[in-house]
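Values in this text are rule-based calculations from the coordinates and carry no lab data. Predicted model only: the values in this text are computed from it and were never measured. A quick note on method: Cβ atoms are made from the backbone with ideal geometry, for glycine too, and the neighbour counts reach across all protein chains shown.
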Amino acid sequence: MKRHIVCIASEHKGNEFLDEAQNAGWHVTLVTRKKLLDEPWVWTALNDVRTVEDNALPSEYVRAIANIAGARAIDRVVGLDEFDVMTAARAREHMQMAGMSSSHALRFRDKLAMRNIAAAAGIPCPEFTGVFNKIAIEKFLREVEPPIIVKPRYEVSAFGIRKCEAANDVWDVLTELDGRNNWRDHPSQFVVERFIKGKVFHVDSIVENGKVLACGVSQYGTPPFSVTHYGGVFTSSIVPYKADERKKLEKLNQQLLTAFKYDRGVSHAEFLQSEADGKFYLLEVACRVGGAYIANVLEHACNFNLWREWAKLETATQENPYKLPKLRKDFAGVALCLANTDTPDTSQYTDEEIVYRVAKPKHVGLIFYSKKQKRVADLLASYSERIAADFLAVMPAKERYDD
């Protein structure tokens, strides 16, 4: 009988993962929300699909997976989205399966846990404090120069982050949150830390036996915080291979994943290079594929797709161990934004370096590829202006991912 992998996807993503798992000869089951059934899943890769209600709690996903196991034994459970990582861990624990536990997975979700683990390992972090004790918070605000940010511990991207210019502003935010009288917005669900102005980089890795086998090192154009809160065209592109920043980030990334005891899978880590002192500071790390079509950028530039490599890692066996593809060192970048129309027509964009066009309602996205870093940089600069003039829509910043 084929080995069986169950993939949880509370958002439409991971088609390449599903396809690669099927290519490996596994029986592939997708567990997703009912409203996502009309999305363009790679149906030829799926042997079975089970649904939960759109507002299903993690426990309902676990129940669905336990029911699946009643008819066919399960060998792997994987969560494809950020919020699915914890759900998959709980399912594995419930069924006493091997793999990352929920307490281990939590360190990749909880921003306060991230800070504590990284700081203990000597990885630079912005000065921070948990929101538990008034005296400790007052001490932090006396000692740390503003701006200060109040950040949700469990959100993704830059959702829900408040930037405060003075200590009194921090207290105003915490008081307002406390006044909502619900656990999700309770002040203890936030972390308070120093805002550091600078460039933001991300390192996206393939990891086996705790070692980074390959990684892409990229730099955002406008930092994600600014895009989320003020709008604009999001960009990311490959950092030159001989750049000093790349060498430092690769070393810091391995140190980070070792501290987090990450054994196998893919990861997405973000670091900020301070404008003031030039040092790198950890922003966050996740044990899943980064968003914004980063996997596609790396596929063109480096010859590995994180979704596919993750599936290969999950389906590897003693008889068929994981093998890293042959890597290359070219350049690519993505420009992406919300569009002012449901189905934007980008046919007027004809440069030969355009190798991928995002097909998603109300979005415009292009990936550029070249052997020359300067050509990619020039195209991103030019198309950021063109896309903004032709299509850019700016929406009020969401406080939560699921708003």
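Tell me the net charge near residue 4. Cut-off is 11 Å between Cβ atoms, residue 4 excluded, with +1 for each Lys or Arg and -1 for each Asp or Glu.
With Lys, Arg at +1 and Asp, Glu at -1, the net is +2.
Is the range 185-313 best put as rounded, prolate or oblate by its Cα gyration tensor, with a ≥ b ≥ c the root eigenvalues, rounded for a/c under 1.5, and otherwise prolate when a/b is larger than b/c, oblate when not?
rounded
Give, as a single signed number, the net charge of other residues whose beta carbon lies under 11 Å from the beta carbon of residue 203, with Lys and Arg counted +1 and Asp and Glu -1.
-1
Mind checking which of 179, 210, 160 has the largest fluctuation in a GNM of the chain, springs on alpha carbons under 10 Å?
The residue with the greatest mean-square fluctuation here is 179.
For 95, 1, 86, what's the fewest-to-most ordering of other Cβ within 10 Å of each Cβ?
Going from least to most buried by this count: 1, 95, 86.
Which order do the peptides 196-209, 163-176 come out in when sorted by mean C-beta neighbours inside 10 angstrom, highest first? Intermediate values should be presented prior to the final figure.
Working: 196-209: 20.1, 163-176: 15.2.
Peptide ranking by packing, descending: 196-209, 163-176.
Rounded, prolate or oblate: which one fits the range 258-308, using the alpha carbon gyration tensor with axes a ≥ b ≥ c (rounded when a/c is under 1.5, else prolate when a/b beats b/c, else oblate)?
oblate
Using Cβ counts within 10 Å as a stand-in for footprinting exposure, how do 186, 363, 268 rank, fewest first?
Arranged by neighbour count, lowest to highest, 186, 363, 268 become 186, 363, 268.
In terms of the Cα gyration tensor, with a ≥ b ≥ c the square roots of its eigenvalues, is the chain rounded because a/c is under 1.5, prolate because a/b exceeds b/c, or oblate? Could the numbers behind the result be given before it?
Details: a/c = 1.42, a/b = 1.13, b/c = 1.26.
Since a/c stays below 1.5, the shape of the chain is classed as rounded.
For a quick check of your reading of the filter: which GluC sites (Glu not before Pro) in the range 341-401 sit in a DSSP loop and have no more than 12 other Cβ atoms within 10 Å?
Filter output for the range 341-401: 352.
Could you pull out every residue, at least 5 positions away or on a different chain, whose amide H is within less than 5 Å of the one on residue 33? Hs are placed 1.01 Å off N in the peptide plane, and Pro or chain starts have none.
Those qualifying (amide H under 5 Å, at least 5 residues apart or on another chain) are 52.
Using helices alone, I'd like the mean residue ellipticity at 222 nm for the chain: each DSSP H run of four-plus residues gives -39500 (n - 2.57), total over residue count, nearest 500.
Computed ellipticity for the chain at 222 nm equals -10000 deg cm²/dmol.
Where in the range 272-318 are there trypsin sites (Lys or Arg not before Pro) that are in a DSSP coil and have at most 13 other Cβ atoms within 10 angstrom of their Cβ?
279
For the chain, modelled as a Gaussian network with Cα springs under 10 Å, which listed residue fluctuates most, 321, 147, 187?
Most flexible of the set in this elastic network: 321.
Could you give me the ³J(HN,Hα) list for the range 335-352, computed from phi with Karplus coefficients 6.51, -1.76, 1.60 and θ = phi - 60°, whole Hz, x at Gly and Pro?
With the stated coefficients, the range 335-352 comes to 10, 8, 7, 5, 10, 8, 9, 5, 10, x, 9, 9, 5, 6, 8, 10, 4, 5 Hz.
Anyone know which of 257, 112, 37 comes out most mobile in the 10 Å Cα GNM of the chain?
Result for the chain, Cα springs under 10 Å: 37 fluctuates most.
What are the ³J(HN,Hα) couplings of the range 279-286, residue after residue, when phi is run through the Karplus curve with 6.51, -1.76, 1.60 and θ = phi - 60°? Round to Hz, x for glycine and proline.
So the Karplus estimates, Gly and Pro as x, are 7, 9, 10, 5, 9, 6, 9, 9 Hz.
Do you know the relative contact order of the range 127-194, to the nearest whole percent, from alpha carbon pairs under 8 angstrom that are 6+ apart?
Once normalised by length, the contact order is 46 percent.
Return the long-range amide H neighbours of residue 239 (sequence gap of 5 or more, or a different chain), with a cut-off of under 5 Å between placed amide H atoms.
Long-range HN contacts for residue 239: 217, 218, 219.
Normalised by the number of residues in the chain, what is the relative contact order in percent for Cα pairs under 8 Å and 6+ residues apart?
14 percent
Within straight cross-link reach of residue 371, meaning Cα distance under 12 Å, which aspartates and glutamates are found once same-chain residues fewer than 8 apart are removed?
330, 353
Starting from the amide H of residue 353, placed 1.01 Å from N in the peptide plane, find each other amide H under 5 Å away whose residue is 5 or more places distant or on another chain.
none
Here are some pairs, 34/360; 34/163; 139/163; 251/329; 13/247; 111/248; which of them have Cα atoms lying more than 26 Å apart in this structure?
Those over the limit are 34/163; 13/247.
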